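Visitor: I have a structure here, written as C-alpha cells, and I will follow up with some questions on it.
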Amino acid sequence: MLNLTTLLTERKLIMVGGKGGVGKTTTASALALAAANQGRRVLLVSTDPAHSLADAFDRNIGGQITRMAANLDALELDPEEEVDAYLERVMRQMRRYAGPDQVNELRRQLRLSSQSPGAQEAAILERMARLIEDSEQEYDLLVFDTAPTGHTLRLLTLPEIMAAWTDGLLKHNKRSEKLGKALAHLTPAKSVDTPFQDPTRNATEGMDKRSKELTETLLKRQRLFQRTRRTLNDADHTAFLFVLTPEKLPILETRRAIDSLNEANIPVAGAIVNRIMPKPGTDEFWAARYERQQRHLEEIAEKLAGVDTARLPLMAQDVQGLAQLEAFAQALTGSREF
Ligand SMILES: Nc1ncnc2c1ncn2[C@@H]1O[C@H](COP(=O)(O)OP(=O)(O)O)[C@@H](O)[C@H]1O
Ligand SMILES: [Mg+2]
C-alpha cells in the first residue's frame with residue numbers, strides 16, 4: 001500500500017508521470033495542494049505544453065510563478081519557449097566572441113539546432129535541474145507534473161550529448177575559425193564513448209581567457225547535472241509516482257516506464273490507480289464494464305507486483321477548481337472515504 005501522506009511530508013521532490021489523460025495533472029495538483037495544506041511550502045511545475053495546470057485549477061498560470069493557494073505556487077513551462085530561452089543564452093555568450101559577419105551564421109546554426117531531435121527534452125531537463133536547485137530556499141517541496149522517462153533522464157548522465165545539440169554544431173563550424181578554436185575546448189570529454197573523467201582537472205589549463213570562460217560555463221552545467229542526478233537517485237529526497245487507469249494500454253506503458261527508470265537506477269515510489277468505478281447496480285452495461293475493470297485490477301496486481309499502489313475513485317464529474325481538487329486530495333491521502 002502506497003502511503004502518500006508520508007511521501008508528502010518527507011520528500012522534497014515528487015515527479016508524477018503516466019500516459020496522457022490518465023489523471024497526472026489532477027493528481028499532481030491534488031498532491032501539491034495536500035502538502036500545502038499540511039503547511040509545506042510547495043511549488044507545482046508543469047512541463048506539459050498543453051498548459052493543463054490552469055485547467056485543473058480553473059485559472060491562468062503561464063510562465064510566471066503564480067500563487068494558487070496558501071503555501072502553493074505554480075509554474076507552467078513551455079518546452080518551445082525553454083529551447084528559445086536556452087539558445088538565446090548561448091547566443092548572448094557567443095556573440096561576445098564572434099565578429100559581425102559571424103553573428104548571422106551563428107543565428108542560423110542555433111535555429112537549426114533548435115529543430116534537432118531531443119532539443120526540447122534537453123532544454124526542459126536543464127530548466128528542471130536549475131529549478132530543483134534554485135527552489136530549495138523558498139520551497140520545501142517541488143512537484144513536477146509529467147516526470148521524464150528513464151530514457152530522457154539518461155540525457156543527464158551524458159552532458160556531452162546535452163552540450164552536443166548546441167555546441168556540437170557550432171564546434172564544426174569551420175567558417176569561423178576563431179569561434180571554432182574557442183569552441184574546440186568546450187567539450188572536455190570529446191566523444192560519448194569516452195568514460196567520464198573529472199572535467200575540472202586540468203580542463204582549462206593553457207587556454208586563453210575566452211576559451212576558459214566558455215569552458216567554465218560548460219563545466220558548471222556538467223556539475224549541475226551531476227548534482228541533479230544524485231538528487232534523482234536519492235530515494236529519501238525524490239519520489240517518482242506513476243498514474244494509470246485500470247486499462248490495457250496504461251498498464252503496459254506504466255510497466256515500461258518503471259522498467260526504464262529502474263534501468264537508469266532511479267527508484268519508483270509507487271503507482272496511483274485512478275478512475276476506479278464503484279460497484280454498479282443491475283444495469284448490464286455497467287456490470288460488464290465493472291467486470292472488465294476487475295480483470296484489469298488483477299492484471300495490475302500481477303504486472304506491477306512489487307510496486308506500491310494507491311487507488312483513486314472515479315468521480316461523478318471532472319475534477320476542476322480548488323474545491324474539487326481539495327476533495328480529490330483527501331481521497332489521495334486517505335483522509336476521506338468514497
Ligand atoms: N478520478 C477522476 N474522476 C473524474 N474525473 C477525473 C478523474 N481523474 C481525472 N479526471 C478528469 O480527467 C481529465 C484528464 O485528467 P488530467 O489530470 O488532465 O490527465 P493527464 O494530465 O494525465 O492528461 C480532466 O478533465 C480531469 O478532471
Ligand atoms: Mg496533464
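Visitor: In Å and on Cα atoms, what radius of gyration and Dmax does the range 31-148 show?
Guide: 17.1, 58
Visitor: Another question, if that's okay. Taking the simple approach of a point 7 Å from Cα along Cα-to-Cβ for both D234 and D283, what is their distance in nm?
Guide: Placing both labels 7 Å along Cα→Cβ, they lie 5.0 nm apart.
Visitor: What does the charge dipole of the range 230-338 about its Cα centre add up to, to the nearest 20 debye, if the Cβ of each Lys and Arg holds +1 and the Cβ of each Asp and Glu holds -1?
Guide: Working: 12 positive and 16 negative charges, 22 e Å.
Once rounded to the nearest 20, the dipole reads 100 debye.
Visitor: Taking amide H positions as placed in the peptide plane 1.01 Å from N, state which residues far from L2 in sequence (5 or more) or on other chains have amide H under 5 Å from it.
Guide: Residues meeting the amide H criterion: T309, A310.
Visitor: Compute the signed sum of charges (Lys and Arg +1, Asp and Glu -1) over the other residues within less than 14 Å, Cβ to Cβ, of M277. Write down the numbers at each step before the final one.
Guide: On the way: positive: R275, K279, R289, R292, R295, R311; negative: E247, D283, E291.
It works out to a net charge of +3.
Visitor: Longer than 25 Å from Cα to Cα, which of K12/K212; K19/K220; K12/K248; K12/K303; K24/K248 are they? Say none if no pair is. Show your work: numbers first, answer last.
Guide: Values: K12/K212 35 Å; K19/K220 34 Å; K12/K248 32 Å; K12/K303 29 Å; K24/K248 17 Å.
Check vs 25 Å cut-off fails for K12/K212; K19/K220; K12/K248; K12/K303.
Visitor: Pull out the extension gain between A305 and T6, defined as 0.36 nm times the separation in residues minus the alpha carbon to alpha carbon distance; nm, one decimal. Write down the numbers at each step before the final one.
Guide: Details: separation 299, 0.36 × 299 = 107.64 nm, distance 2.11 nm.
Roughly 105.5 nm would be gained on extension.
Read-outs throughout are calculated quantities, based only on the coordinates presented, and are distinct from any laboratory measurement. The model shown is predicted, which means the values in this text are computed figures rather than measured ones. Virtual Cβ from ideal backbone geometry, glycine too; neighbours counted across all protein chains shown.
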